[in-house]
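A short write-up of the structure that comes next.
The values are calculated or read from the model by the stated rules, or taken from the named source; none is laboratory data. Keep in mind the model is a prediction, meaning the values are calculated, not measured. Neighbour counts are summed over all protein chains in view; Cβ atoms, including those assigned to glycine, are modelled from backbone coordinates with ideal geometry. Quick note on the areas: whole protein, heavy atoms, side chains included, nothing else; ligands and nucleic acids left out. Shrake-Rupley method; radii C 1.70, N 1.55, O 1.52, S 1.80 Å.
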Amino acid sequence: MLKLARLPDRTPVKIAITITPDLDADLRAYLALYRVSYDDKGATVADLIPAMLESFLASDRTFAKARKETTT
């Protein structure tokens, strides 16, 4: 099972970023595996990136602790 869960229903949002060719290749490889794992041929890299970032931030304990300390 992938670490990233199936994406919830979403409204597509256009994003523009500049990334390295290696990261582009990795994202496309992840997308291919995501599409097969969830039978979601319509998913795009742009759909996955926000969920990946949310998952990364949610799992970063140091970030969560620092954020909590600055809001209390």
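Here the average projected area of the convex hull drawn through the C-alpha atoms of the range 1-53 stands at 3.8 nm². Secondary-structure-derived ellipticity at 222 nm for the chain, considering helices only, amounts to -20000 deg cm²/dmol, per-run term -39500 (n - 2.57) for DSSP H runs with n ≥ 4. When a 1.4 Å probe is rolled over the protein heavy atoms, the share of accessible surface on the range 1-61 that falls to carbon and sulfur comes to 61 percent. Computed with every protein chain present, the accessible area of ASP47 is close to 30 Å² [probe 1.4 Å].
The listed residues TYR30, TYR38 rank as TYR30, TYR38 when sorted by accessible area, largest first, using a 1.4 Å probe. For the chain, the solvent-accessible area of protein heavy atoms averages 82 Å² per residue (probe radius 1.4 Å; ligands and nucleic acids excluded).
For LYS68, the accessible surface of its heavy atoms amounts to roughly 140 Å² (probe 1.4 Å, protein chains only, rounded to the nearest 10). Helices assigned as whole DSSP H runs in the chain whose Cα atoms extend at least 20 Å along their own long axis and whose mean Kyte-Doolittle hydropathy is -0.5 or higher are found at 21-38, 45-59. Note on the chain: with charges restricted to the Cβ of Lys and Arg (+1) and Asp and Glu (-1), its dipole about the Cα centre is near 220 debye.
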